[in-house]
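Participant: Have a look at this one before I ask anything.
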Amino acid sequence: MLARLNRKFGYDERSAAILVFPVVAVLLVVAAYPILYSFWVSLHDIVLTRPLRRPFVGGDNYLRIFGDERFWLAVSRTTVYTVVTVVVTTVLAVLVALLLNETFPGQRILSAVLLVPWATPSVVNGLMWKWIYDPTYGLLNALLLKVGLIERYRAWLGDPDLTLMLIANAAVWKQMPLAALLLIVTMKAIPDDLYRAAKVDGANVLQRFVHVTLPALRPGLMLVLVYETMISIRHFDLFLIMTQGGPGDASFTLSWLIYVETFRSLRFGTGAAMSYVLAMATFLLSWAVIRWLGKRI
């Protein structure tokens, strides 16, 4: 058997396999095992208030969460948050990338400053925006009062109609720089000959963007859309720091529901089932974006 393998695989293949094996083993331990174990947990009724009783329930946990009104409320909140965050982040990233792709004084300094929000830790980002929205000493209230747009300080995060959008704004502030950086790299690869040919044909700035820049940006846009969708649909830290699902259920997203179900209600079975639903939704959305844009590349 060993001799047959030696004949089939050369020295380079065997050496590569030996070198890669430790990495594969670590990934199996730290990634594959937790994924499989959490799926096993999702098939059992595990509640830590009665840890010794763990009956196998099969798909009952999934049926239970699909029949839960809180689950569908969380899905609707997550959908709105994800769409707003991804669309605004992508549009702003395209505009910033177009600006930084031009040559002007201070371009390098502006490019460096652009990375500051992305380099800010998520917890710091959440706390910073919570302070900005603070109803007693927040910077947003001070600025709006100064220019006369409001007459008194407001509790911004206490408004159910605005809370989700305000959290999305904090997410866009942090996520947009990386998206812009990815798009700038794609723009740098566009040949200048295409723009010169478009100018010769009489195309204006908008026409050059639509017919030259935008088609060439599709690989970068696909990467940005997939990444931003995966990040946004699973966002948790901002909701924990800024609102904890409130006020009421205004920011009750799916990731927050999973946290409440698992670590507050201690129902690990249904919490694991919700996590798998969220993971599958993330995978399917990413696959759809790749299929949609991949056909056009």
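The values are calculated or read from the model by the stated rules, or taken from the named source; none is laboratory data. Note that the structure is predicted; figures quoted are calculated from it, not measured. Glycine also receives a Cβ, built like all others from the backbone with ideal geometry; neighbour counts cover every protein chain displayed.
Participant: Name every residue in the range 148-189 that is surrounded by fewer than 17 Cβ atoms within 10 Å (Cβ to Cβ) and among the basic types (Lys, Arg), in order of residue number.
Facilitator: Listed by number, the residues that qualify are ARG152, LYS188.
Participant: Does any residue of the range 139-146 turn out to be surrounded by 10 or more Cβ atoms within 10 Å (Cβ to Cβ), at pLDDT 90 or above and either among the small types (Gly, Ala, Ser) or touching a strand residue (DSSP E or B) at 6+ places or on another chain (Cβ under 8 Å) (or both)? So that I can check it myself, show each step before the final result.
Facilitator: The first filter runs over the range 139-146 and keeps only residues surrounded by 10 or more Cβ atoms within 10 Å (Cβ to Cβ), leaving 139-145.
Filter again for at pLDDT 90 or above, leaving 139-145.
Remaining after also requiring either among the small types (Gly, Ala, Ser) or touching a strand residue (DSSP E or B) at 6+ places or on another chain (Cβ under 8 Å) (or both): 142.
Looking for residues that are surrounded by 10 or more Cβ atoms within 10 Å (Cβ to Cβ), at pLDDT 90 or above and either among the small types (Gly, Ala, Ser) or touching a strand residue (DSSP E or B) at 6+ places or on another chain (Cβ under 8 Å) (or both), one finds at least one in the range 139-146, hence yes.
Participant: Of all residues in the range 256-291, count the ones that are among the hydrophobic types (A, V, I, L, M, F, W, C), over 17 Å from VAL75 (Cα atoms) and either surrounded by 15 or more Cβ atoms within 10 Å (Cβ to Cβ) or under 17 Å from the mean Cα position of the chain (by Cα) (or both).
Facilitator: 5
Participant: Exactly one of (1) at pLDDT below 85; (2) in contact with a His (Cβ under 6 Å, 6 or more places away or on another chain) is unmet by TRP292. Its number?
Facilitator: (2)
Participant: Listed residues SER42, SER15; which is surrounded by 10 or more Cβ atoms within 10 Å (Cβ to Cβ), farther than 19 Å from ARG267 by Cβ and out of contact with any Cys (no Cβ under 8 Å at 6 or more places or on another chain)? Talk me through it step by step, then tell me what you get.
Facilitator: Values: SER42 fails: farther than 19 Å from ARG267 by Cβ.
Selected residue: SER15, the only one of SER42, SER15 that is surrounded by 10 or more Cβ atoms within 10 Å (Cβ to Cβ), farther than 19 Å from ARG267 by Cβ and out of contact with any Cys (no Cβ under 8 Å at 6 or more places or on another chain).
Participant: Looking only at the range 231-255, which residues are surrounded by 18 or more Cβ atoms within 10 Å (Cβ to Cβ), aliphatic (A, V, I, L, M) and farther than 16 Å from ARG70 by Cα?
Facilitator: From the range 231-255, those surrounded by 18 or more Cβ atoms within 10 Å (Cβ to Cβ) are 231-235, 238-239, 241-243, 245, 250-255; that's our starting set.
Right, trim to aliphatic (A, V, I, L, M) and you get 231, 233, 238, 241-242, 250, 254.
Of everything in the range 231-255, those that are surrounded by 18 or more Cβ atoms within 10 Å (Cβ to Cβ), aliphatic (A, V, I, L, M) and farther than 16 Å from ARG70 by Cα turn out to be ILE231, ILE233, LEU238, ILE241, MET242.
Condition check ((1) modelled with pLDDT of 90 or more; (2) under 19 Å from MET280 (Cα atoms); (3) crowded, with 16+ Cβ neighbours inside 10 Å; (4) of a type in the set (A, V, I, L, M)) across all residues:
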{"site": "ARG50", "(1), (2), (3), (4)": "no, no, no, no"}
{"site": "ARG54", "(1), (2), (3), (4)": "no, no, no, no"}
{"site": "TYR62", "(1), (2), (3), (4)": "yes, yes, yes, no"}
{"site": "TRP72", "(1), (2), (3), (4)": "yes, yes, no, no"}
{"site": "SER76", "(1), (2), (3), (4)": "yes, yes, no, no"}
{"site": "TYR81", "(1), (2), (3), (4)": "yes, yes, yes, no"}
{"site": "VAL86", "(1), (2), (3), (4)": "yes, yes, yes, yes"}
{"site": "VAL91", "(1), (2), (3), (4)": "yes, no, no, yes"}
{"site": "VAL94", "(1), (2), (3), (4)": "yes, no, yes, yes"}
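Participant: Right, next: Could you tell me how many of the residues in the range 258-296 are in contact with a Gly (Cβ under 9 Å, 6 or more places away or on another chain) and in a helix (DSSP H, G or I)? If you could, list the steps in order and put the result at the bottom.
Facilitator: So in the range 258-296, the residues in contact with a Gly (Cβ under 9 Å, 6 or more places away or on another chain) come out as 258-263, 265, 273.
Of the ones still in play, those that are also in a helix (DSSP H, G or I) are 258-263, 273.
Summing the residues that are in contact with a Gly (Cβ under 9 Å, 6 or more places away or on another chain) and in a helix (DSSP H, G or I) in the range 258-296 gives 7.
Rundown of residues vs (1) among the small types (Gly, Ala, Ser); (2) touching a residue at least 40 places away in the same chain (Cβ under 8 Å); (3) farther than 30 Å from VAL205 by Cα; (4) in contact with a Lys or Arg (Cβ under 8 Å, 6 or more places away or on another chain), yes/no style:
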| site | (1), (2), (3), (4) |
| --- | --- |
| LEU52 | no, no, yes, no |
| THR78 | no, yes, yes, no |
| VAL87 | no, no, no, no |
| ASN101 | no, yes, no, yes |
| ALA112 | yes, no, no, no |
| THR120 | no, yes, yes, yes |
| GLY138 | yes, no, yes, no |
| LEU145 | no, no, yes, yes |
| ARG154 | no, no, yes, no |
